[in-house]
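Once you've had a glance at the structure underneath, I'll fire off some questions.
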Amino acid sequence: MSSPSNAPPVYHITLLRHGESVGNAEGYHQGQAEFPLTEKGRAQAQALADHWLANEITFDQAIASPLSRARETAEIITAALDIPLTFDPLWMERDNGLLAGLPHNVAAERYPIPDFVSLYQPIAQTGESLWELFLRGARAVETIMRQPPGRYLIVSHGALLNMAFHAILGATPHPNFQGRILPLRNTAHSRLRYNPQEGQWRLLSHNERSHLDSTVESASRPELPPDTHHFTLLRHGESVGNAEKKLQGQADYPLTERGREQARLLAARWGAEKITFDKAITSPLRRAHETAQIITEGLGIPLETDPAWMEFDWGELNGLTGEQVLQRGDIQWNNPYFPIGGDGESHWDVYLRAGRSVQDLLDSPPGRYLIVAHGAILSRFLFAALGLAPQNRIRFGFENTAFTKLRFIPDRHLWVLDNVNDHYHLDIQPL
């Protein structure tokens, strides 16, 4: 599990939800009740194993919940990849008390949800409270960090993995099913990296399921309340500044031809998937505006420009190369209140700018919004929406023309992070 000698040792962690189980298919509350995989669930696990084999993705160690739906998923994958597998009950699904094994309709009659559910209230009389589940998820994450750095595959369950995400984000759960949720669909997975020398997590992707037929999977999604706000956060295509490895900030650079092709590929993908938006908003900086124009013209939707979505103003550092930036010894990168580059913005400045955009968008009518902007401002928008302070060390992946989707359900005061850093259009047609 050693890293190259010229790189710091890091943890690469993939969090995977099990394949479809009989309990999923037939509408049961599962919890820690035992339900095997369906044939579809086994096919999902095999498809993922085949996908990882084809792309030469492997792991040093797999750790799974011992419950049969997770166990079988893990066994299918580890047999194909020829990697060791161990089981740890910390990764078992939430103990949901008297709900375990009951059909949803029976459970709703027998154990109706109270008007208010506190963090500390046991579920269904005898189950784990949400706070207990959070603590167990945090402990499960800690057990990985006590192992040597390396590549770990974790096979677990939706509720427990959601609490593991909370622990990684450094955010406690909210009572009454509110706040934030990072769901994972069957055999969807998320990739994270942790650098122990910097104490920093990076969420590289979330809810990846490119191994599955996206048409079939999307058709099975439940209907959402009509007042839901949907946001797709898209980073611009490759710019001249990217290609020249410059700290761009608010320095204005056009797209490269590669960046234009990236945008065209995404427009083609969304056109084929019949994805559309009610409104598109872009940063006025050329690399974002040109990306947005290519996509909106391809999809036939209107485009607005808003300077609130401009990139982090790095002050005197705007447009410098990485080598030039390193020569500056007066930059307090980790001080959230310190203006960067002399007359630039602080991390708090950008956070407050993004937070204002959260309010402005939620003051707008419900619908589907496309935001085309830059990595730092989009990341700070996620911070503001998910309730993370600028001091938080988590980072979100935003590659060129990769997008992140989230939605806000006002009746539940709930943010749902559906995916992070989706760039499948580049994977299937590599540039």
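Values quoted throughout were computed directly from the atomic coordinates according to the rules given, and no laboratory measurement underlies them. Since we're looking at a predicted model, the values are computed, not measured. Note that we place each Cβ from the backbone using ideal geometry, even for glycine, and neighbour counts take in every protein chain shown.
Express in nm, to one decimal, how much length is gained between HIS413 and ALA272 on full extension, taking 0.36 nm for each residue of separation and deducting their alpha carbon distance.
Numbers: separation 141, 0.36 × 141 = 50.76 nm, distance 3.26 nm.
My answer for the length gained is 47.5 nm.
Shifting gears a bit: Sort ILE394, ILE371 by Cβ crowding within 10 Å, fewest neighbours at the top.
Ascending Cβ contact count within 10 Å gives the list ILE394, ILE371.
Right, next: Relative to the longest principal axis of the chain, what angle (0 to 90°, nearest 10) does the C-alpha long axis of helix 68-81 take?
Helix 68-81 sits at roughly 60 degrees to that axis.
May I ask for the angle, rounded to the nearest 10°, between helix 286-299 and the longest principal axis of the chain, with both axes built from Cα atoms and the value confined to 0 to 90°?
Roughly 60 degrees, rounded to the nearest 10.
Lys/Arg Cβ at +1, Asp/Glu Cβ at -1, dipole of the chain taken about the Cα centre: which of LEU16, THR256, GLN197 is farthest positive-ward?
My answer, from the dipole projection, is GLN197.
Might you report the magnitude of the Cβ-based charge dipole of the chain about its Cα centre, with Lys and Arg at +1 and Asp and Glu at -1, to the nearest 20 debye?
Working: 39 positive and 50 negative charges, 59 e Å.
Around 280 debye, computed over the chain.
On to the next question. Label points 7 Å out from Cα along the Cβ direction at MET145 and LEU326: separation in nm?
In this crude spin-label approximation the distance works out to 2.9 nm.
Could you tell me what percent of the DSSP beta bridges with both partners in the chain are antiparallel, to the nearest 5? Working shown, then result.
On the way: 30 of 62 bridges.
Of the beta bridges lying entirely in the chain, close to 50 percent run antiparallel.
Please find the FRET efficiency linking THR86 to ARG202, where r is the Cβ-Cβ separation and R0 is fixed at 25 Å, and quote it to the nearest 0.05. Could you put the intermediate results ahead of the total?
Numbers: r = 25 Å, r/R0 = 1.02.
It comes out at approximately 0.50.
When only Cα pairs under 8 Å and 6 or more residues apart are kept, what is the percent relative contact order across the chain? Could the numbers behind the result be given before it?
On the way: 906 pairs, mean separation 75.7, N = 431.
Reported as a whole number, the value is 18 percent.
Please report the net charge: other residues with Cβ closer than 12 Å to the Cβ of ARG136, K and R +1, D and E -1.
Working: positive: ARG94, ARG139; negative: ASP88, GLU93, ASP95, GLU128, GLU132, GLU142.
Neighbour charge sum, excluding ARG136 itself: -4.
Can you give the charge dipole size of the range 64-198 about its Cα centre, rounded to the nearest 20 debye, using +1 on the beta carbon of Lys and Arg and -1 on the beta carbon of Asp and Glu?
Computed charge dipole of the range 64-198: roughly 300 debye.
Same structure again: Using +1 at the Cβ of each Lys and Arg and -1 at the Cβ of each Asp and Glu in the chain, identify which of ILE77, ASN318, PHE408 lies farthest towards the dipole's positive end.
About the Cα centre, the residue reaching furthest to the positive side is ILE77.
Something else about it: Which FRET efficiency value, to the nearest 0.05, is calculated for GLU297 and THR126 with the Förster distance at 51 angstrom and r the Cβ-Cβ distance? The partial results should precede the final answer.
Values: r = 58 Å, r/R0 = 1.13.
Calculated transfer efficiency: 0.30.
Separate question: Let me spell out the model: positive unit charges on the Cβ of Lys and Arg, negative unit charges on the Cβ of Asp and Glu, origin at the Cα centre of the range 281-431. What dipole size does that give, in debye rounded to 20?
420 debye
Which of the chymotrypsin sites (Phe, Trp or Tyr not before Pro) across the range 328-431 are loop residues per DSSP, with 11 or fewer other Cβ within 10 Å?
TRP333, TYR337
Note down the relative contact order for the range 85-203 as a percent, whole number, built from C-alpha pairs under 8 angstrom at least six residues apart.
26 percent
Subtracting the Cα-Cα distance from 0.36 nm times the residue separation, let me have the gained length for ALA43 to ASP115 in nm, one decimal.
21.9 nm
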